[in-house]
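Down below is the structure, laid out as structure tokens.
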Amino acid sequence: MKTSENICGESKIFKNSTLSSKFGGPISGEIEVPGDKSISHRALILGSLAVGNTKIYGLLEGDDVIATAKALSELGVEIKKHKNEYWTISGVGIGGFEEPRQILDLGNAGTAARLLMGAISGNPITAFLTGDDSLCSRPMGRVTEPLKLMGAQIFSGSKDKLPIGIRGPDMPIPIEYDLKIPSAQVKSALLLCGLSAPGEVIINESIQSRDHTERMLKKFGSNIVTETNHKTGISTCRLIGQNELCPTNICVPGDFSSASFLIAAALMVPDSNLTIKNVGINKLRIGLLDTLVEMGAKISLSRTKNDEFEPTADISVSYSELSGINVPPERSPMMIDEYPILAVIASAAKGITQMRGIRELRLKESDRISATVNLLRASDIVVDEYEDGLAVHGNNKLLKGGSLIPTLLDHRIGMAAIILGLSSKSGISIDDSAPISTSFPGFVDIMKKIGADIFSRQ
Ligand code: S3P
């Protein structure tokens, strides 16, 4: 088994420390955010399955992505970081994973767990996967059920949660599968397993989820097409298995989901003016931008690059007076990770912002509907909670603050609380800032750079 010291480099800077923020000066300047988390996971996994060396520039070095790199290293792939410039992966080819000697610990990373279940199922090996308390409480049946149809043997407790053992078949069965919920993680797991299948894997989605895997598979030379039937709205993705992947160079754009916290800060703090450079603007990821523009946000895109791999742009945003809207439920797959921060923004808008059709949020790193409701109510913001969403009654006043919010092992809840704190006189704190580094290492430094009053305590 090959290992690399280099992939263990990133440390948890804020472990066991609280973090606080309060109202201060405007948010301004030009800044970049770390690389996209979804694209980074996929670059490591597809690089590992290619034959030869792949280079990745701008890889997110957050805990989630490092968990994927470590797991791939346990699977026999050599992954190295070269100074601060790029990472290389010596791919072992489709079906080339070694049987790991260790249990693969994916920490907090749902994407790593689900995508790797698919990738491992394309190899005739046995592997065991686990994670932290948050990950071990998340449903895995959505991935294990279709993988079993493809021939994988999967062992888990009665509730289909981690820890899970997987035995990949000698050759996966090519299947046609209708996704029950729009989920890029499930779609990607089946495509990754399908790479080893002798034939065509077909996946149908009633609403298309993010397509980073499909775009990247094309870049690695895979035979994959996606078509949308405009009468039914169903998107169908077809992959022909058993084609070698060719190594390539990947430039990971800035993560729009990370940028959304900075966008929120600039929208909410008076006199703010911020530009976030080189952010991924894949249309299946930026539903929040449409929503904010409908609410009256002053946001513009410049230096747009319509790269076939992943489009990027600089996003400029300034303080705006916003009005509440009803967010269309069918937009949810395009902004699924942005609801906690949208709810924070909505607290400063005039009127009610309705967010429904998002039951899935209860199954993320935490129950994000309940965690967001608690965050807002702790600052006396009126919120209605529904089984499938929430409605925020905005009022454009400076909040009193003073609350300590539990992060619940959920990076996005932690960051949403810190952004809300920027609208409060005496500040808002989170009990544990460590989870933030799963997706946004350097969050505190970047927030300070753009003028936020934010401080940590060990
Ligand atoms: C992701 C897909 C989404 C998203 C997650 C990342 C991905 O999950 O919430 O943060 O990289 O594929 P679902 O596939 O469960 O919707």
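No lab work stands behind these numbers, since they all come straight from the coordinates. Because the structure is predicted, anything quoted here is derived from the model rather than measured. Heads up, the Cβs are rebuilt from the backbone with ideal geometry, glycines too, and the neighbour counts pull from every protein chain shown.
Net charge around VAL279, counting only other residues with Cβ within less than 9 Å of its Cβ (Lys, Arg = +1; Asp, Glu = -1)?
Summing Lys/Arg as +1 and Asp/Glu as -1 gives -3.
Hey, what did the chain get for relative contact order, percent, Cα under 8 Å, at least 6 apart?
20
Take the alpha-carbon centre of the stretch 359-396, take the same for the stretch 255-281, and report the distance between them in whole Å.
Each part reduced to its Cα centre gives a spacing of 22 Å.
If you add up the charges near SER257, with Lys and Arg at +1 and Asp and Glu at -1, over every other residue whose beta carbon is less than 9 angstrom from its beta carbon, what do you get?
Cβ neighbours under 9 Å give a net charge of -1.
Can you list residues from other chains, or at least 5 along the same chain, whose modelled amide H is less than 5 Å from the amide H of LEU106?
Distant-sequence amide H within range of LEU106: THR130, GLY131.
If amide hydrogens are placed 1.01 Å from N in the peptide plane, which non-local residues have theirs closer than 5 Å to the one on MET171?
Residues meeting the amide H criterion: none.
With a ≥ b ≥ c the root eigenvalues of the C-alpha gyration tensor of the chain, is it rounded (a/c under 1.5), prolate (a/b larger than b/c) or oblate?
prolate
Please compute the modelled spin-label separation between ILE173 and VAL382, points set 7 Å along Cα→Cβ, answer in nm with one decimal.
With each label point 7 Å from Cα toward Cβ, the separation is 5.6 nm.
Treat the count of other C-beta atoms within 10 Å as a stand-in for reagent exposure and order SER40, SER347 from fewest to most.
SER347, SER40
Could you line up HIS230, HIS41, HIS393, HIS82 from fewest to most neighbouring Cβ atoms inside 10 Å?
HIS230, HIS82, HIS393, HIS41
Hey, with R₀ at 51 Å, roughly what FRET efficiency would HIS82 and HIS230 work out to, going by the Cβ-Cβ distance, to 0.05?
Plugging the Cβ-Cβ distance into 1/(1 + (r/R0)^6) gives 0.65.
Hey, rough spin-label estimate for SER156 and CYS136, points 7 angstrom out along Cα→Cβ, what's it come to in nanometres?
Taking the two extended label points, one gets 1.4 nm.
Rounded to the nearest 10 degrees, what's the angle between the helix 184-194 long axis and the longest principal axis of the chain, both from Cα atoms, 0 to 90?
10
Show the residues, 5+ positions off or on another chain, whose built amide H is closer than 5 Å to the amide H of GLU32.
Residues meeting the amide H criterion: LYS277.
Can you work out the Karplus-derived ³J(HN,Hα) for every residue in the stretch 279-292? Use 6.51 cos²θ - 1.76 cosθ + 1.60 with θ = phi - 60°, whole Hz, and x for glycine or proline.
9, x, 10, 3, 5, 7, 10, 10, x, 4, 4, 4, 4, 5
Less than 16 Å apart at the alpha-carbon level, and either on another chain or at least 8 residues along: which lysines does that give for LYS397?
Within the straight-line cut-off, LYS397 pairs with LYS22, LYS350, LYS425.
Please tell me which of these pairs span more than 24 angstrom C-alpha to C-alpha: LYS219/LYS305; LYS37/LYS277; LYS37/LYS449; LYS55/LYS449; LYS70/LYS305; LYS37/LYS400?
In this structure, LYS55/LYS449; LYS70/LYS305; LYS37/LYS400 exceed 24 Å between Cα atoms.
Classify the stretch 376-458 as rounded, prolate or oblate from the Cα gyration tensor: take a ≥ b ≥ c as the square roots of its eigenvalues, call it rounded if a/c is under 1.5, otherwise prolate when a/b beats b/c and oblate if not.
Since a/c reaches 1.5 but b/c is at least a/b, the shape of the stretch 376-458 is classed as oblate.
List, in order, the whole-Hz ³J(HN,Hα) value for each residue of the stretch 420-425 obtained from phi through the Karplus relation with A = 6.51, B = -1.76, C = 1.60 and θ = phi - 60°; use x for Gly and Pro.
4, x, 5, 9, 10, 5
Quick check: residue separation of ARG362 and ASN243 times 0.36 nm, minus the Cα distance between them. What number comes out in nm?
39.0 nm
Treating the beta-carbon of each Lys and Arg as +1 and of each Asp and Glu as -1, no other charges, what is the dipole magnitude of the chain about its Cα centre, to the nearest 20 debye?
The dipole magnitude comes to about 400 debye.
For each pair in LYS83/LYS218; LYS187/LYS364; LYS231/LYS283, compute the distance between the two Cα atoms and list the pairs where it is over 24 Å.
Checking Cα-Cα distances, LYS83/LYS218 exceed 24 Å.
Over the stretch 37-251, calculate the relative contact order: mean separation of alpha carbon pairs under 8 Å at least 6 apart, over the residue count, as a percent.
21
Is the shape of the stretch 37-251 best called rounded, prolate or oblate, per the rule: a/c under 1.5 gives rounded, else a/b larger than b/c gives prolate, else oblate, with a ≥ b ≥ c the square roots of the Cα gyration tensor eigenvalues?
In terms of gyration-tensor shape, rounded.
Ordered by residue, what ³J(HN,Hα) values in Hz, to whole numbers, does the stretch 398-411 give under the Karplus form 6.51 cos²θ - 1.76 cosθ + 1.60, where θ = phi - 60° and Gly and Pro are x?
5, 7, 6, x, x, 8, 10, 9, x, 6, 6, 6, 10, 3
Take the alpha carbon atoms of the stretch 60-100, find their center, do the same for the stretch 131-174, and report the distance between the two centers in whole angstrom.
That distance is 22 Å.
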